[in-house]
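The values are calculated or read from the model by the stated rules, or taken from the named source; none is laboratory data. All of these numbers come straight from a predicted model, not from anything done at the bench. Note that each Cβ is placed from the backbone with ideal geometry, even for glycine, and that neighbours are counted across all protein chains shown. Side chains are part of the model used for accessible areas, which takes the heavy atoms of the whole protein and leaves out ligands, DNA and RNA. Shrake-Rupley method; radii C 1.70, N 1.55, O 1.52, S 1.80 Å.
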Amino acid sequence: MRVLIAEDDQVLADGLLRSLRGSGFAADHVANGSQADAALASHEFDLVILDLGLPRLHGLEVLRKLRARGSSVPVLILTAADSVEQRVRGLDLGADDYMAKPFALQELEARVRALTRRGLGTAGTILRHGPLGFDASGRVCYINEQMIELSARELSLLEVLLQRAGRLVSKDQLVERLCEWGEEVSNNAIEVYVHRLRKKIEQGPIRIATVRGLGYCLEKIPA
Ligand code: CA
């Protein structure tokens, strides 16, 4: 799960980054509206946390352009407490939820969980493939209802593979979805994460097949 935070208040942005990364998200940060617009036009995100009062390009304009490109990524807008008008305008332009500043980080985290669930299109919170279950809100993995200990990065990797179970996921797609900007994560690093994840989940009829030169595919081994 990859989240973009567009917020010019550095202290708030740092708090959001810490909190989201602690919950296992890959989180990127931009501090002005034109950077947010450029990031959204060129990368795939699972959620956007968008401050409306941004320098260079107003948050509402970032949102308008995003929806005009046909993107349906969930957007949570952050507004000043007294700006009812902007909030309404944001929702009219296609924001999915809002929070008025100041807010409790815990409440924001709960809303982020709800929005990312909605983005996945899962009514419940459990992704399944054979004996493998993934609880997207609690961020835990089960095999035959038994919890498996996975690192935050392994969980994110498994989540991407599960969302496209039975289909090819390229290494580039994994790098794109899992890695944050400025972090050197190579295709080799992806191989290491896949190797670790395999050791933990390939005990039943599930395997992560390597499609040589192309990527990976989460498969059920036929009985
Ligand atoms: Ca601001």
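Please report the antiparallel percentage of the DSSP beta bridges confined to the chain, to the nearest 5. Before the final figure, lay out the partial values.
Numbers: 19 of 37 bridges.
If I count the DSSP bridges inside the chain, around 50 percent turn out antiparallel.
Suppose R0 equals 30 Å. What FRET efficiency, 1/(1 + (r/R0)^6) with r the Cβ-Cβ distance, do residue 212 and residue 146 give to the nearest 0.05? Don't jump to the answer; show the numbers that get you there.
Working: r = 32 Å, r/R0 = 1.07.
Plugging the Cβ-Cβ distance into 1/(1 + (r/R0)^6) gives 0.40.
With a ≥ b ≥ c the root eigenvalues of the C-alpha gyration tensor of the range 2-120, is it rounded (a/c under 1.5), prolate (a/b larger than b/c) or oblate? Provide the component values of the computation, followed by the final result.
Details: a/c = 1.24, a/b = 1.10, b/c = 1.13.
Because its axes are fairly even, with a/c under 1.5, the range 2-120 counts as rounded.
Which loop trypsin sites (Lys or Arg not before Pro) in the range 41-83, with loop taken from DSSP, have no more than 15 other Cβ atoms within 10 angstrom of their Cβ? The partial results should precede the final answer.
Working: sites: 56, 64, 65, 67, 69; in loops: 56, 69.
Those satisfying the criteria are 56, 69.
What does the accessible area per residue of the chain come to in Å², with a 1.4 Å probe and no ligands, DNA or RNA counted? Walk me through the numbers on the way to the answer.
Details: 10790 Å² over 223 residues.
Roughly 48 Å² per residue, with all protein chains present.
What trypsin sites (Lys or Arg not before Pro) in the range 193-223 are in a loop by DSSP, with at most 10 other Cβ atoms within 10 Å of the Cβ? Don't skip to the answer; put the middle values down first.
On the way: sites: 196, 198, 199, 200, 207, 212, 220; in loops: 212.
Passing both the DSSP loop test and the Cβ count: 212.
For the pair residue 92 and residue 69, what calculated FRET efficiency results from E = 1/(1 + (r/R0)^6), where r is the Cβ-Cβ distance and R0 = 30 Å, to the nearest 0.05? Don't skip to the answer; put the middle values down first.
Values: r = 18 Å, r/R0 = 0.59.
Here the calculated transfer efficiency is 0.95.
State the Cα centre-to-centre distance between the range 84-100 and the range 148-223 in whole Å.
Using only Cα atoms, the two centres lie 36 Å from each other.
For residue 18 and residue 80, FRET efficiency with R0 = 25 Å and r from the beta-carbon atoms, rounded to 0.05?
Numbers: r = 23 Å, r/R0 = 0.91.
With a Förster radius of 25 Å, E is 0.65.
Under 1.5 on a/c is rounded, so check that first for the chain, then, if it is not, pick prolate when a/b is larger than b/c and oblate when it is not; a ≥ b ≥ c are the square roots of the alpha carbon gyration tensor eigenvalues.
Working: a/c = 2.20, a/b = 1.89, b/c = 1.17.
Note, shape of the chain comes out prolate.
Highest GNM mean-square fluctuation, the chain, Cα pairs closer than 10 Å: which of 73, 140, 192?
Maximum fluctuation in the GNM of the chain, among the listed residues, is at 192.
Give a quick list of GluC sites (Glu not before Pro) in the range 131-199 that DSSP marks as loop, anything other than H, G, I, E or B, with at most 15 other Cβ atoms within 10 Å. Can you show the working numbers first?
Details: sites: 145, 149, 154, 159, 176, 180, 183, 184, 191; in loops: 145, 149, 180, 183, 184.
Taking the range 131-199 and a limit of 15 other Cβ atoms within 10 Å, the loop GluC sites (Glu not before Pro) found are 145, 149, 180, 183, 184.
Taking only DSSP H segments of four or more residues, each worth -39500 (n - 2.57), what value at 222 nm results for the chain once the sum is divided by all its residues, to the nearest 500 deg cm²/dmol? Write down the numbers at each step before the final one.
On the way: 8 runs with 93 residues, N = 223.
Using -39500 (n - 2.57) per qualifying helix, the result is -13000 deg cm²/dmol.
Taking Cα atoms, how many degrees apart are the long axis of helix 10-22 and the longest axis of the chain, rounded to 10 and kept between 0 and 90?
Once rounded, the angle reads 20 degrees.
Starting from 0.36 nm per residue, how many nanometres of slack lie between residue 103 and residue 191 once their C-alpha separation is accounted for?
Details: separation 88, 0.36 × 88 = 31.68 nm, distance 3.96 nm.
In short, 27.7 nm is gained.
Checking the a/c ratio against 1.5 first, then a/b against b/c, what shape does the Cα gyration tensor give for the range 140-223? The partial results should precede the final answer.
Values: a/c = 2.04, a/b = 1.35, b/c = 1.50.
Here the range 140-223 falls in the oblate category.
How large, in percent, is the carbon and sulfur part of the accessible surface of the chain at a probe radius of 1.4 Å?
Working: 5270 of 10790 Å².
So the carbon and sulfur contribution to the accessible surface is 49 percent.
Quickly work out the residue 38-to-residue 126 label distance, labels modelled 7 Å from Cα along the C-beta direction, and quote it in nm with one decimal.
4.5
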